[in-house]
1. Share of Cα-Cα pairs in the range B:101-167 beyond 14 Å, in percent?
2. Neighbouring Cβ atoms within 10 Å as the yardstick, rank A:HIS189, A:HIS97, A:HIS32 fewest first.
3. What list do you get for B:THR157, A:THR139, A:THR111 if you sort them by fewest beta carbons within 10 Å?
4. State to the nearest 20 debye the size of the charge dipole of the range A:83-212 about its Cα centre, where the only charges are +1 on K and R beta carbons and -1 on D and E beta carbons.
5. Once each part is reduced to its C-alpha centroid, what is the distance from the range B:197-211 to the range B:126-141 in angstrom?
6. For a quick check: with amide H placed at 1.01 Å from N, whose amide H comes under 5 Å from B:LEU136's, ignoring anything fewer than 5 positions away on the same chain?
7. Give a residue-ordered list of calculated ³J(HN,Hα) values for the range A:32-47 (Karplus: 6.51 cos²θ - 1.76 cosθ + 1.60, θ = phi - 60°; whole Hz; x for Gly, Pro).
8. Show me, for the range B:146-158, the HN-Hα J-couplings you get by feeding each phi into the Karplus relation (A = 6.51, B = -1.76, C = 1.60, θ = phi - 60°), rounded to Hz, glycine and proline as x.
Amino acid sequence: MAEESNRGDLDALMSKMKSAAAPFRATLQELHRKYATVADGRVATYIPELATADPAGFGISVVTADGLRFDVGDAERLFSIQSVSKPFVFGLALEDHGRERVLAKVGVEPTGEAFNAIVLDEATNRPFNPMVNAGAIATTDLIRGEDHADRFKRLLAMLGRYVGREVFVDSATFLSERATGHRNRAIAHLMLNFGMIEDRVDETLELYFQQCSALVDCRDLAVMGATLANGGVNPLTGERAIEARYVKDVLSIMLSCGIYDFAGEWAFRIGIPAKSGVGGGIVAVIPGVAGIGVYSPPLDERGNSVRGVLVCKELSERFGLHILEAGHAGPALLDEIRPGRRGG
Amino acid sequence: MAKIVSVHSFRGGTGKSNTTANLATLIARAGKRVGVIDTDIHSPGIHVVFGLREEAMEFTLNDFLWGRCRIEQAAHDVTPPAGPGEGPSEAPGAVLLIPSSARAGEIARVLSEGYDVGLLTDGFRALIRELGLDYLFIDTHPGVNEETLLSIALSDTLLLIMRPDSQDFQGTAVTVELARRLEVDDLRVLVNKVPPGMDVELLRGQVEAGFKAPVIGMLPLDHDIARLGSAGVFAARYPGHPLTQGLRQVASRLLS
């Protein structure tokens with residue numbers, strides 16, 4: 001047992017050294033320098049607590065599916081996860097109920113509407129997808145548990161498996177969300193009216209606000225992405241965060257609906273599953289290879305981090321990450337992470 | 001394309017710093033621009049061999065790690081002058097040393113605060129670029145620590161120096177295992193301080209079989225270099241000495 005844990009320490013040390021030595025470190029620094037000067041976008045203000053974010057805050061992290069990590073800038077600054085939580089809660093709902101039951105409550109169609117639109121599918125009364133607020137509230141409603149506390153603990157435990165540490169909810173953000181979440185209340189009641197969610201509306205809304213107020217940093221987002229890139233197993237802890245069979249469901253939704261009403265263009269131009277949040281975070285997944293986490297609070301008019309989109313776009317173009325051309329466009333990312341050491 | 005050569009011993013006293021200084025000097029004599037960086041932050045010393053005094057150092061590696069200067073500003077030209085019997089050295093060879101600070105306060109700060117070890121990667125690459133180096137020698141801390149592991153991970157060639165001693169054998173095995181895990185391609189062993197009367201071919205066979213790595217040279221335990229006591233670069237001081245011949249062979253193997 002001691003031998004085994006020593007082995008783990010040694011592996012972690014070796015990984016740290018390999019990433020510290022990789023040329024990719026310089027690439028991330030270059031991207032950080034290049035985009036730190038971009039002054040476009042505005043910090044979200046619809047919740048008072050979000051308006052306090054520092055617009056200059058900017059961090060980029062990449063974690064590979066085999067556990068090498070790269071950080072630059074404000075990679076350890078905590079912020080509220082907001083909508084980045086949605087695909088992960090969708091994954092938990094899939095585990096709790098199976099694919100068909102979840103799909104009976106929420107669709108998988110992109111909307112082209114804003115993330116907070118009050119709109120349901122007219123034929124089925126389902127929210128269009130789990131990435132818009134309506135669909136996210138419906139998936140949060142599906143989190144199993146004996147009572148609110150139990151559901152809350154299961155939610156945090158799920159996030160904890162992805163990031164590899166205990167996750168906490170920021171009380172100020174939660175209170176702020178709860179005090180101003182009238183639109184989300186309206187959406188929830190509309191869905192209750194159609195019988196799409198259960199009648200514990202207040203509890204589910206509280207849980208949804210708590211979910212959005214969980215604190216992460218961009219290193220956490222990169223590990224979450226890397227966990228999905230690694231078939232659902234956290235590459236740093238070795239712990240499984242989601243059943244392997246649901247990983248592709250989560251990633252498909254992220255690719256088609258993850259970046260709000262920019263999702264179609266994102267899929268076209270950048271082409272990797274991703275999810276943004278109004279806290280300034282973006283998680284992106286390069287299946288089989290790595291997870292990317294970016295933090296920068298100023299948002300474009302669609303609610304996506306301006307610098308986050310630019311960083312993902314440049315990484316995708318530079319390394320040919322678009323999943324429909326992966327492996328045959330541009331220099332391979334792995335060549336820069338492990339130069340000339342890949343045998344053959 | 002510059003070559004990074006990390007020089008490491010698991011234990012102290014193998015002659016690591018002296019050997020590094022001599023090899024760097026001999027390679028510079030062959031017309032190469034050679035950087036030498038002392039990453040032995042906790043017990044720096046190679047600057048003494050090059051005769052660089054503490055007062056003459058404007059900036060050190062420590063200043064770079066704390067963001068007080070660019071790494072190339074900490075480089076000092078320590079190219080030893082040609083010794084007696086040596087012709088004028090072929091320009092444009094040079095030895096550029098980046099020392100670590102030997103001030104107690106600076107060493108204590110590294111111990112208490114630590115630093116992002118990845119900064120060394122940035123520093124090495126900047127040095128090679130800014131100083132136009134052909135070779136960068138990294139004089140590492142004995143044993144295993146983060147600077148050492150990073151230097152090993154970054155190196156094109158890892159040169160392990162050991163004495164024919166059971167403790168050195170055991171320690172070198174640890175470094176070899178770590179180097180293999182860090183995927184170092186080119187790993188070579190230099191057996192130093194071989195006492196007279198030892199069966200060198202038997203020893204070579206033991207080392208090569210034990211570590212599955214080639215022996216780049218076997219240098220004798222020598223009184224003259226001991227007498228010099230790190231107060232100069234031996235190969236520059238005694239270019240015709242048999243030990244210098246041995247060092248020159250090792251240098252030419254590194255060059256080829």
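Values in this text are rule-based calculations from the coordinates and carry no lab data. It should be emphasised that the depicted structure is a prediction, and the values quoted were computed from it without experimental measurement. Here Cβ is always computed from backbone atoms with ideal geometry, including for glycine, and neighbour counts include all displayed protein chains.
1. On the way: 1517 of 2211 pairs.
Percent of Cα pairs beyond 14 Å in the range B:101-167: 69.
2. Working: A:HIS189 12, A:HIS97 17, A:HIS32 20.
Starting with the residue having the fewest Cβ neighbours, the order is A:HIS189, A:HIS97, A:HIS32.
3. Working: B:THR157 18, A:THR139 29, A:THR111 21.
By the 10 Å Cβ count, ascending: B:THR157, A:THR111, A:THR139.
4. On the way: 15 positive and 19 negative charges, 56 e Å.
Here the size comes out at about 260 debye.
5. If you average the Cα positions of each part, the centres end up 32 Å apart.
6. Hits under the 5 Å cutoff: B:LYS3, B:ILE4, B:VAL5, B:GLY35.
7. My calculation for the range A:32-47 gives 5, 4, 5, 9, 4, 7, 5, 10, 6, x, 9, 5, 4, 10, 5, 10 Hz in order.
8. For the range B:146-158, the Karplus curve yields 5, 4, 5, 5, 5, 4, 5, 4, 8, 7, 7, 10, 10 Hz.
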